[in-house]
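Structure, as C-alpha cells:
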Amino acid sequence: MKEIPQHYPLEILPSPFYKKRFSVEKLLRKYDALMVVRLVMGIKDDYMLRTEAGNEILSDKVFSNVANLSLNLAGGKFDTSVNGHLRFLPKNDYGKNIWNGGSVNIKEFKSRDSYEEYNPCFGLCFYACDIHKKTFPFFKFFETKKARDEYQKSVLASTAKWDGSNDARIVGAFESKKNNVSVYARLELNHAPTNGNYWHVTLDTYRPSETDYVHSDGKRQSADKRMFKALKQDLIQKCFFEKEVDYNISQCYYMRFPYWLLCKCYF
C-alpha cells in the first residue's frame with residue numbers, strides 16, 4: 001500500500017512549462033483506455049442500494065450537482081488512488097481558481113488551512129470515450145405542437161456543428177405527435193486546470209438547443225431537473241470503482257514544445 005501523503009501534493013500544481021489547456025481529443029486518439037476519476041466522500045457501502053430482485057446498485061447520491069462535474073485525469077502526474085492525491089482538495093479560493101498559465105504560488109498550499117483531506121473516500125472511474133462527446137436522452141414537455149416544432153428547429157440549428165458521432169447528431173426524436181418527446185443532451189470533457197490541480201477536468205452538459213454548457217451556478221430551466229436526473233442514471237451505468245491505470249501519458253501532450261523535449265531527461 002502506498003504511503004499516504006501528509007501534506008498537499010505539490011507535484012500536481014501547474015507549471016509554466018505546461019500547456020494552458022491540453023486536448024482531450026488528442027489524448028483519446030493515443031490512449032483509447034484514457035480514464036477520469038471522481039472523488040466521492042465516505043465509503044462505498046454507504047452508497048449501495050439493494051433492489052427487490054436482490055441486486056446491489058449504486059445510488060445516484062454519489063453525485064450532488066452534476067453540472068460541470070469535477071473529475072481528475074488518470075495517467076498524468078495525478079495519482080488517482082485514495083492513498084495518493086485523490087483525497088486532497090484545495091480549500092482556499094486561490095487553489096480553486098482557474099489557472100492562467102503562469103507560475104503558481106506554492107506558499108498558498110503549505111498551510112493545513114489551505115486544503116482539505118477527505119478520509120475515508122473512494123474514486124468512481126470512467127473511460128473518457130464513454131462520456132466524451134456523447135448524448136443521453138431525457139423527456140422534455142411542450143404545451144403545444146407549435147412550441148415543440150419551434151424547439152426542434154432551434155435544436156437542429158445549435159447542433160449543426162456538433163462533431164460527435166453520427167448517432168449524436170440525432171438530438172431530438174420529434175417524430176412523435178404527443179406534446180412530450182425524448183430529446184438528447186450532449187456531454188463533453190474539458191480540461192479545466194486550477195491553481196491547485198493541473199489535472200482537473202470537467203464533464204460539461206449542453207442543452208439540446210444551446211451551444212453553451214449549463215454552468216453549475218447558472219439559471220436553470222424547468223427541464224434541467226429532468227435532464228440532470230437522467231444524466232445521473234446514465235453516468236451510473238458507465239462508472240466503475242478504482243482501477244489500476246496501465247498507461248502513462250507522454251509529456252508532449254501536456255508540456256509546451258520545446259520545453260518538454262529539453263527537460264525530458266529530468267522527468
| Hey, among the residues in segment 211-236 that are out of contact with any Phe, Trp or Tyr (no Cβ under 8 Å at 6 or more places or on another chain) and among the acidic types (Asp, Glu), which one's surrounded by the most Cβ atoms within 10 Å (Cβ to Cβ)? | Asp224
| Verdict on Arg226 being charged (D, E, K, R) and modelled with pLDDT of 85 or more | yes
| Just wondering, is there one or more residues in segment 141-151 that are at pLDDT 90 or above and crowded, with 17+ Cβ neighbours inside 10 Å? | no
| query | Which residues, taken from segment 87-139, are closer than 30 Å to Val181 by Cα and over 21 Å from the mean Cα position of the chain (by Cα)? | reply | Phe139
| said: When the residues of segment 93-111 are narrowed to those that are of a type in the set (A, V, I, L, M) and closer than 24 Å to Asn190 by Cβ, which ends up surrounded by the most Cβ atoms within 10 Å (Cβ to Cβ)? | reply: Val104
| query | Looking at (1) in contact with a strand residue (DSSP E or B) (Cβ under 6 Å, 6 or more places away or on another chain); (2) over 30 Å from Arg87 (Cβ atoms); (3) modelled with pLDDT of 90 or more; (4) crowded, with 18+ Cβ neighbours inside 10 Å, can you tell me which one His132 breaks? | reply | (2)
| Restricting attention to segment 120-151, which residues are touching a residue at least 40 places away in the same chain (Cβ under 8 Å) and polar (S, T, N, Q)? | Thr135
| query | Considering segment 3-43 alone, what residues qualify as being in a loop (DSSP other than H, G, I, E, B), of a type in the set (Phe, Trp, Tyr) and farther than 24 Å from Val82 by Cβ? | reply | Phe17, Phe22
| said: I'd like to check something: does segment 112-123 contain any residue that is crowded, with 16+ Cβ neighbours inside 10 Å, in contact with a Pro (Cβ under 8 Å, 6 or more places away or on another chain) and not in a strand (DSSP E or B)? | reply: yes
| note | Of the residues in segment 44-92, those that are in contact with a Ser or Thr (Cβ under 8 Å, 6 or more places away or on another chain), in a loop (DSSP other than H, G, I, E, B) and either exposed (fewer than 14 other Cβ atoms within 10 Å of the Cβ) or not small (Gly, Ala, Ser) (or both) number 6
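The values are calculated or read from the model by the stated rules, or taken from the named source; none is laboratory data. Since this is a predicted model, take the numbers as computed values, not measurements. Neighbour counts are summed over all protein chains in view; Cβ atoms, including those assigned to glycine, are modelled from backbone coordinates with ideal geometry.
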